[in-house]
Amino acid sequence: MPPRRRELYRERTPWAAWVYLLLWGAMGAAAVGVAADRTPGGGAGPLLGGLAILLLGALIQLLFGGLTVVVESDGIRAGLGNGWIFRTRIALDDVDSMQAVTYSPLR
């Protein structure tokens, strides 16, 4: 087993509030639209479909929501959400300099 890396710093940056509103507004509207289906003999299908849409929204938020950056003793890891599906690793040898900045992507 490889030796465990020492975690020096961890930062989790969530999505902006408008992204959460957009995601849950779209998922909520779709879930209500599916659940409100009044087809005769539909049974529990529309309600389960609406619930499935809400679960999909929760999965999207869990896997892709926000950015996590971890500084370790030998490098930097960065990835989307909690699932680390989209991630990258940067060796400290490849870093020339660092500085703290305030970042706003919309400015």
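Can you run down the residue pairs with Cβ atoms below 7 Å, 6 or more apart or on separate chains, where the first is in the range 44-55 and without any contact (Cβ under 8 Å) to a residue 60 or more places away in the chain and the partner is part of a loop (DSSP other than H, G, I, E, B)?
Matching pairs, first to second residue: Pro46/Asp37.
Taking Arg12, is it on the phi < 0 side of the Ramachandran plot, open to solvent by 90 Å² or more (accessible area, probe 1.4 Å) and under 24 Å from the mean Cα position of the chain (by Cα)? Walk me through it before giving the result.
Values: on the phi < 0 side of the Ramachandran plot: yes; open to solvent by 90 Å² or more (accessible area, probe 1.4 Å): yes; under 24 Å from the mean Cα position of the chain (by Cα): yes.
Criteria met by Arg12.
How about the range 75-102: which of its residues are in contact with a strand residue (DSSP E or B) (Cβ under 7 Å, 6 or more places away or on another chain) and either part of a loop (DSSP other than H, G, I, E, B) or β-branched (Val, Ile, Thr) (or both)? Spell out the reasoning first.
Step one: filter the range 75-102 for residues in contact with a strand residue (DSSP E or B) (Cβ under 7 Å, 6 or more places away or on another chain), giving 75-80, 86-92.
Ile76, Phe86, Thr88, Ile90 - these are the residues of the range 75-102 that are in contact with a strand residue (DSSP E or B) (Cβ under 7 Å, 6 or more places away or on another chain) and either part of a loop (DSSP other than H, G, I, E, B) or β-branched (Val, Ile, Thr) (or both).
Where residues in the range 51-107 are in contact with a Gly (Cβ under 8 Å, 6 or more places away or on another chain) and of a type in the set (Val, Ile, Thr), which of them is least open to solvent (accessible area, probe 1.4 Å)?
Thr68
The values are calculated or read from the model by the stated rules, or taken from the named source; none is laboratory data. All of these numbers come straight from a predicted model, not from anything done at the bench. Quick reminder, even Gly has a Cβ in these numbers, built from the backbone with ideal geometry, and neighbours come from all protein chains shown. All accessible areas refer to the heavy atoms of the entire protein, side chains included, with ligands and DNA or RNA removed. Shrake-Rupley method; radii C 1.70, N 1.55, O 1.52, S 1.80 Å.
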